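Here is the structure we will look at, set down as C-alpha cells.
The values are calculated or read from the model by the stated rules, or taken from the named source; none is laboratory data. Fair warning: this is a prediction, and the values are worked out from it, not measured in the lab. Reconstructed Cβ throughout: ideal geometry from the backbone, glycine too, with neighbour counts over all protein chains shown.
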Amino acid sequence: MALNVLVVDDSAVMRAIVIKTLRLSGVALGQIYEAKDGEEALRVLDENWVDLALIDINMPVLDGMDLIDQVRGNPETADLSIIVVSTESSETRIENVQRKGVAFVHKPFTPETLRQAILRATGVIDERQDSKSSVPGGGFDF
Amino acid sequence: MNDKIAKALYRAAALTFEELGFMFPSADLDPLQKYATVDAVGSVDFEGPQKGRLVVKMCGGVLPVLAANMMGELEPPTDKLQADALKEIANIVCGNLLPTLAGAKQVFQLKTPRVLAMTDDFAPTPGQAPTAEAHVGLEEGRADLLLFLLES
C-alpha cells in the first residue's frame, strides 16, 4: 500500500530532509504533501486523503502539540497515523507526546529508523523483512 | 574547559553531520581543516535546569556542501536555505547535547535558532569563555562548536 504522507515543519530544509529520508527508507509512497505550520497542515488534511503525518513540535502559528490535539479531536482525522519528528531529548516530554497516541523519531535519524517508526505507526507489514532482502537505508550507519 | 561536556558535544555534532549531512567527521584536523576561515555562524539559546547558548561556526566552504547533502540536492541551495540548514544543525546538536548536561528526565526550552552576523559577539555575555568546545573536521573545512553556560 502506497502511503500518502504529510510533512509538517517550519524549516524548508528539514522538510526536504524528511522527504529525502522517506524516499531512502524503502516505504511505498504515494502523494507527499508539505506544510510549514499547523494551520497549513489542517488545510491539507481537510482537502486531501493523508495516511501518515510527520510533524515537528516547535512551529509558529499552530505548533505540533496543538495540531495533534486538533487532529485527534476531529472525527475525520482522529485515527490518522502520526509521527513526531523532533530534537526533543527529554524523556518527560517524549512520554507526554506518546500519550497522545503518536510515535516519536528523534533528530538526527536514518532511513531505517524512520522506516521502522512508519511501520509501527501505520501497522503496515514490512515485506522486506520476510523476504530476507537487504533493507534500504540500513547501510547509512557511517 | 569541561572535557566531559566537550566529548559529548563532539559526539552530538559528529552524529548530526553523519546522519543528516552524509559526511565523514574527523576529530583530527589536517592543516587545511585547521586553518580554514569561518564562513557562517549559527546559534541557539536554551533555558531550563541550565541556561546558555550553543554556537556553531562553519568554516572552509563546508556549509554549501552540507546543505546540499541534507536536502538531497547535487548543487548547493540558495543562501537562505543554507542559513536554514545551519540553524537546523545548531538546533539538533543542542537538542542531543542537553540531556548530558542535566539528565534525560530534565526539560529544556530551546529558543528559535539564529544566524549571527560575523561582527556579533558570539558569547551570551561579553568576553565570556566557552564552557566547552569541539572541532569537527569535515571535507576541506571544519565545524567549531562552542557551548556557553550561564550561571543560574
Check: Under 6 Å by Cβ, and 6 or more places apart or on different chains, what pairs join a residue from segment B:14-34 that is within 8 Å of another protein chain (Cβ to nearest Cβ) with one that is surrounded by fewer than 16 Cβ atoms within 10 Å (Cβ to Cβ) and not in a helix (DSSP H, G or I)?
Finding: B:Glu18/A:Phe142
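Just the residues that are farther than 13 Å from A:Gly26 by Cα and either modelled with pLDDT under 90 or within 14 Å of chain B (Cβ to nearest Cβ) (or both), please, taken from segment A:102-119. Write out each step before concluding.
We begin by selecting, within segment A:102-119, every residue farther than 13 Å from A:Gly26 by Cα; these are A:102-109.
A:Phe104, A:Val105, A:His106, A:Lys107, A:Pro108, A:Phe109, listed by residue number.
I need a count of the residues in segment B:93-128 that are farther than 24 Å from B:Gly60 by Cβ, more than 14 Å from chain A (Cβ to nearest Cβ) and in contact (Cβ under 8 Å) with a residue 24 or more places away in the chain.
First, pick out the residues of segment B:93-128 that are farther than 24 Å from B:Gly60 by Cβ: B:95, B:98-112, B:124-128.
Now narrow it down to the ones that are more than 14 Å from chain A (Cβ to nearest Cβ): B:124-128.
Now restrict to residues that are in contact (Cβ under 8 Å) with a residue 24 or more places away in the chain: B:124-125.
Residues flagged as farther than 24 Å from B:Gly60 by Cβ, more than 14 Å from chain A (Cβ to nearest Cβ) and in contact (Cβ under 8 Å) with a residue 24 or more places away in the chain within segment B:93-128 amount to 2.
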Checklist line | Pair list, Cβ < 7 Å and 6+ apart or interchain, from segment A:82-101 residues that are within 17 Å of A:Leu6 (Cβ to Cβ) and facing chain B (nearest Cβ under 9 Å) to residues that are crowded, with 21+ Cβ neighbours inside 10 Å and modelled with pLDDT of 90 or more | finding: A:Ser86/A:Asp56; A:Ser86/A:Lys107
Margin query: Can you tell me which residue is surrounded by the fewest Cβ atoms within 10 Å (Cβ to Cβ) among those in segment B:27-56 that are under 18 Å from B:Met118 (Cβ atoms) and among the charged types (D, E, K, R)?
Written below: B:Asp39
Checklist line | Scope segment B:35-59; condition without any contact (Cβ under 8 Å) to a residue 24 or more places away in the chain and either among the aromatic types (Phe, Trp, Tyr) or within 25 Å of B:Leu110 (Cα to Cα) (or both); matching residues | finding: B:Tyr35
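Inspect all residues belonging to segment A:34-41 and state whether any of them is assigned to a helix (DSSP H, G or I), within 13 Å of chain B (Cβ to nearest Cβ) and within 15 Å of the chain's Cα centre (by Cα). Quick ask: steps written out before the conclusion?
Going through segment A:34-41, the residues assigned to a helix (DSSP H, G or I) turn out to be A:38-41.
So of that shortlist, the ones also within 13 Å of chain B (Cβ to nearest Cβ) come out as none.
No.
Go through the residues of segment B:60-68 one by one and say whether even a single one is in contact (Cβ under 8 Å) with a residue 60 or more places away in the chain and either within 13 Å of another protein chain (Cβ to nearest Cβ) or buried (at least 22 other Cβ atoms within 10 Å of the Cβ) (or both). Write out each step before concluding.
Filtering segment B:60-68 for residues in contact (Cβ under 8 Å) with a residue 60 or more places away in the chain gives B:60-62, B:65-66.
Those left that are additionally either within 13 Å of another protein chain (Cβ to nearest Cβ) or buried (at least 22 other Cβ atoms within 10 Å of the Cβ) (or both): B:62, B:66.
Yes, segment B:60-68 has at least one match.
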Note to self: For segment B:13-36, give me each residue that is farther than 23 Å from A:Val18 by Cβ and among the acidic types (Asp, Glu).
What the structure shows: B:Asp28, B:Asp30
Checklist line | Options A:Leu62, A:Leu67; residue that is more than 30 Å from B:Leu74 (Cα to Cα), in a helix (DSSP H, G or I) and away from chain B (no Cβ under 14 Å) | finding: A:Leu67
